[in-house]
1. Quote the relative contact order of the chain in percent (integer), defining contacts as alpha-carbon pairs under 8 Å separated by 6+ residues.
2. Suppose only helical runs count, i.e. DSSP H with n ≥ 4. What mean residue ellipticity at 222 nm does that imply for the chain under -39500 (n - 2.57) per run, divided by all residues and rounded to the nearest 500 deg cm²/dmol?
3. Could you tell me the distance between the Cα centroids of the stretch 80-114 and the stretch 189-236, to the nearest Å?
4. Can you put 45, 197 in order, fewest other beta carbons within 10 Å first?
5. Taking other Cβ within 10 Å of each residue's Cβ, how do 351, 253 sort, fewest first?
6. Efficiency by 1/(1 + (r/R0)^6): what FRET value for residue 225 and residue 292, r their Cβ-Cβ distance, R0 = 41 Å, to the nearest 0.05?
7. Return the FRET efficiency for the residue pair residue 202, residue 442: r is the Cβ-Cβ distance, R0 is 56 Å, and the value is rounded to the nearest 0.05.
8. Compute the helix-to-body angle for 30-47: its Cα long axis versus the longest principal axis of the chain, expressed 0 to 90° and rounded to tens.
């Protein structure tokens, strides 16, 4: 609902201009404008060479004659408007989410200028949606017994020894081969193999070789044409290579099967479990696997529950976002996209050509991502505010210490931490995870049949919502820093 204007001193008014937007109207007097134009003329005269005058000393009338009075007036307003708007916003405690936008300037008969500036504020929810009792579907996983059996079979297969067989090669068998590769008359020595053990169906060489190996016996030989590896340099590039550079180079692979080997699968019993895994019995191994699987699958399903809960909450969030806020987010995403292309040494026109996208289509995709990202952040902040969620400095320190302990190179990670970490950024990520977990704890997980699914928050998640006894601040690093601005640049046109 649109409210009436708020009148301040010096002919200043603030009125609603749309969802989460304000129109700030104020006036710059003739004397203020003239003084600012004098200062602008002096600045310009330092940059423009005006014969007969030292830099910064040329009269205003000559500067205006050289660059135009509109340029001097524009520079004067560029100086006055941000200062005035900043003061008004500070007095009214209005915080812009993106840089304020000058909407209009109107000259008055007395020489003053009336201005209107649009200020977009960060959207806030009065309260987050109530998700208590909402049914959210999570993936249905196979019975634990089946997963245990699958793990055991893979473990048996991993440790099974190879034995020579007289039959033809089958999928999964190993063959000992000799191989030569030619490109025309050229023998490619770097691809030659002698007594090489190769798993049929692994596609480590080429799909064509795998297909021809099926059904081969010891002593069989064959030739097949297949693509050469991308890393293989061309010793004699021809004109045809440049005319059809996208076509992969091919060679003739000559293969001789020396031996066919199959895995000798042992009996799955207590003796095998003791010899290859160190467990007292096969039942002990099964129980250990079952415990690991139960923990991992609950973590997997919990992550899926959190993701689906947030996706559903965001999709149902009825919130009209200011256009300028959307455009600022799109610009940030677009800049990040260009940076990733530059890192991949790919220019933007080539990217569009390869993907078949038009620029407008990409921008629309970014708009959809921007809306989802903005709504997700607004929802998250609402949950944090309503529930009073906090992250203590001690928790950040514990997280960093855990990262050091679990790192392959602890000393390197510790050095990186000592060089400086952004506590505010880490806290923000932790708060976001906490807010998402809170929403997921309000819903009822169900399987694909609509039946209750036994998904519980992992222990570390439960600990987030339990009172701590060591909440004393043990580090002030980053606690006094200003929050990092969300947007760095103006809106793209």
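Any read-out appearing in this document is the output of simple, stated calculations on the displayed coordinates, not a laboratory observation. What you see is a predicted model; the values in this text were computed from it and never measured. Because the Cβ atoms are built from the backbone with ideal geometry, glycine has one as well, and the counts that use them run over all protein chains shown.
1. 16 percent
2. For the chain, the value works out to -15000 deg cm²/dmol.
3. A separation of 73 Å, based on Cα centres.
4. Starting with the residue having the fewest Cβ neighbours, the order is 197, 45.
5. The fewest-first ordering by Cβ neighbours comes to 351, 253.
6. The formula returns an efficiency of 0.30 here.
7. After rounding, the FRET efficiency stands at 0.75.
8. 60 degrees
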